[in-house]
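A quick write-up on the structure given underneath.
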């Protein structure tokens, strides 16, 4: 991998990690505060998958908050963190694939094809385009 690709990967990971941290941090606060507008039928319900009182989403969001912090840390040296980044890519691809049928089953979640689903596929796209070559890894 040339230095340009490595620099672009580092930049992507920093931006994606920080944006994810902000996004999931705000969502976590929303689940703590539980605004009525986020609940089923509310104006901002499209932000979440289920009821704002549901217990599964905050647990998943907590994992994504921690994951975001580790993505930011991995951005410093992507080659040394290759296994973690590959896990991140495949876990997000699996999560995205699992979201597709659920979004298709409920018209109120069609918007997820423009929000959540592309967001979890972004690391895979960046990794395919910018991942370290074997030559770079062994250097």
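Laboratory data are not the source of any read-out in this text; all were calculated from the coordinates shown. Just so it is clear, the model here is predicted, and its values are computed rather than measured. Cβ: placed from backbone, ideal geometry, glycine included. Neighbour counts: every protein chain shown.
Listed values, structure above:
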{"item": "Amide N proximity, segment 103-121 versus residue 95 label position 7 Å along Cα-to-Cβ, cut-off under 13 Å", "result": "116-121"}
{"item": "Between helix 82-105 and the chain: long-axis angle, C-alpha atoms, 0 to 90°, nearest 10", "result": "30"}
{"item": "Between helix 116-130 and the chain: long-axis angle, C-alpha atoms, 0 to 90°, nearest 10", "result": "0"}
{"item": "Using alpha-carbon coordinates, inclination of helix 3-33 to the longest axis of the chain, degrees", "result": "20"}
{"item": "Ellipticity estimate at 222 nm from DSSP helix runs (n ≥ 4, -39,500 (n - 2.57)) divided over the chain, nearest 500", "result": "-23000 deg cm²/dmol"}
{"item": "Linear extension gain, residue 8 paired with residue 62, 0.36 nm per residue minus alpha-carbon span", "result": "16.7 nm"}
